[in-house]
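Read through the structure below, which is laid out as structure tokens, and then see the notes.
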Amino acid sequence: MNDQTTTATETAELKRTALYDVHVKLGAKIVPFAGYQMPVSYRGIVAEHAAVRERVGIFDVSHMGEVTVKGPAALDFVQKITVNDASSLAHGQAQYSAMCLESGGIVDDLLVYRRGDDDFFLVINASNIAKDFAWMQQNALEGMELKNVSDDYTLLAVQGPKSADTLRKLASADLDAIAYYHFVDGEVAGVPMIISRTGYTGELGFELYFSSDTATGERVWNAIMEAGAEFGIEPVGLGARDTLRLEMGYCLYGNDIDESTNTIEAGLGWITKINKGVFNGRDVIVKVKEEKPHRKLVGFEMNERGIPRQHYDITVNGERVGEVTSGTSSPTMGKGIGMGYVESRYTGIGSIINVMIRGQAVPATIVKLPILKKG
């Protein structure tokens, strides 16, 4: 996540989610992010991070993009533009996937929801909405309808060990019957929505998609805050969203993956189904897989004090062998952690690398993802 300064004119051009006024009233620190004015923190990143790991937190992530794909050619289209196998999805099931250029570079990572035989719902990254939708239009097939419905949805993520206990008070659906990466149409606080058993934190959690009008957003937000009060629910900003995902080794587009990286070197071979048939970038990806990537995305823990940051050099024996793509101080682990691309010969689990922090080579150990090992 990249904070950035803007002029007053630029700020006026930024979008606001339906819950903007709620965040302001809660005293959130608002920053420009992906074209929106978004809350980066409320009480503080460490406290908000702990709330999600230990209890329950609620995020406004309405800046994310949504695209619908409908029609007889919908499945063929999704199969063409994504690397995972959407034909394996049952109705009410979601999958993590990626879209690639013919060069193999990653256009974006996304969630693919199957709502019916010919009905798909794609959730894309906020900073890529315009680019992604234009690219989808370029790849469109006859017999399908593509719509950018990003402005139609408010998206709340309720995450943490007490998330189900919180939402159970408000939901019409049986939350315990929703398997991981599955979803249902139901109601929360009397509001119709998609209730999805997904998240970006590594904890039990749900993502809720519903109408983007302000009154509805505030109604749902307030109901969830009230239902979660007994569990110590906290509003959580983008700052803790970033530290939570990094502890789990989840990629962030623009940091760990982009159009200069491919799914094999990024450790996303598990979602890349090369036997499903033709898809964008397949030939290049197959070649990379056969010849082995010359670099790999790894997770690491600092062995000494120091916080790794994006673009810091990674060295071995004084030689530059890679670069940090994401880094932070882990609130849970109490040490610096990060991810980065490293030449493949140095990427064995347990290998020692050095991160160049203010001119000093600070040792770190490559670890198996997720970086945070849970129970």
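Values for this structure:
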quantity: Val362 being outside any strand (DSSP E or B), more than 16 Å from Asp256 (Cα to Cα) and either among the β-branched types (Val, Ile, Thr) or touching a helix residue (DSSP H, G or I) at 6+ places or on another chain (Cβ under 7 Å) (or both); calculated: no
quantity: Subset of segment 88-142 [under 20 Å from the mean Cα position of the chain (by Cα) and basic (Lys, Arg)]; calculated: Arg114, Lys131
quantity: When residues of segment 212-238 are limited to those that are within 21 Å of Pro32 (Cα to Cα) and in contact with a Ser or Thr (Cβ under 6 Å, 6 or more places away or on another chain), the one modelled with the lowest pLDDT; calculated: Ser212
quantity: Segment 61-94: number of residues that are in a loop (DSSP other than H, G, I, E, B), of a type in the set (S, T, N, Q) and without any contact (Cβ under 8 Å) to a residue 60 or more places away in the chain; calculated: 0
quantity: Which numbered condition Val184 misses (of (1) surrounded by fewer than 18 Cβ atoms within 10 Å (Cβ to Cβ); (2) assigned to a loop (DSSP other than H, G, I, E, B)); calculated: (2)
quantity: Residue within segment 261-283 that is crowded, with 22+ Cβ neighbours inside 10 Å, more than 30 Å from Asp76 (Cα to Cα), of a type in the set (A, V, I, L, M, F, W, C) and in contact (Cβ under 8 Å) with a residue 12 or more places away in the chain present; calculated: no
quantity: Only one of Ser97, Ser127 that is in a helix (DSSP H, G or I), buried (at least 18 other Cβ atoms within 10 Å of the Cβ) and out of contact with any Pro (no Cβ under 7 Å at 6 or more places or on another chain); calculated: Ser127
quantity: Qualifying residue in segment 220-232 (condition: surrounded by fewer than 18 Cβ atoms within 10 Å (Cβ to Cβ) and under 15 Å from the mean Cα position of the chain (by Cα)); calculated: no
quantity: Output for segment 134-164, where each listed residue is part of a helix (DSSP H, G or I) and within 30 Å of Gly57 (Cβ to Cβ); calculated: Ser150, Asp151, Asp152, Ser163, Ala164
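This table checks each residue for (1) among the small types (Gly, Ala, Ser); (2) modelled with pLDDT of 95 or more; (3) not in a loop (DSSP other than H, G, I, E, B).
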position: Ala173; (1), (2), (3): yes, yes, no
position: Met193; (1), (2), (3): no, yes, yes
position: Tyr200; (1), (2), (3): no, yes, no
position: Glu207; (1), (2), (3): no, yes, yes
position: Phe210; (1), (2), (3): no, yes, yes
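The values are calculated or read from the model by the stated rules, or taken from the named source; none is laboratory data. In this text the structure is predicted, and so the values were computed from the model without any measurement. Every residue, glycine as well, gets a Cβ built from its backbone with ideal geometry; the counts of neighbours run over all protein chains shown.
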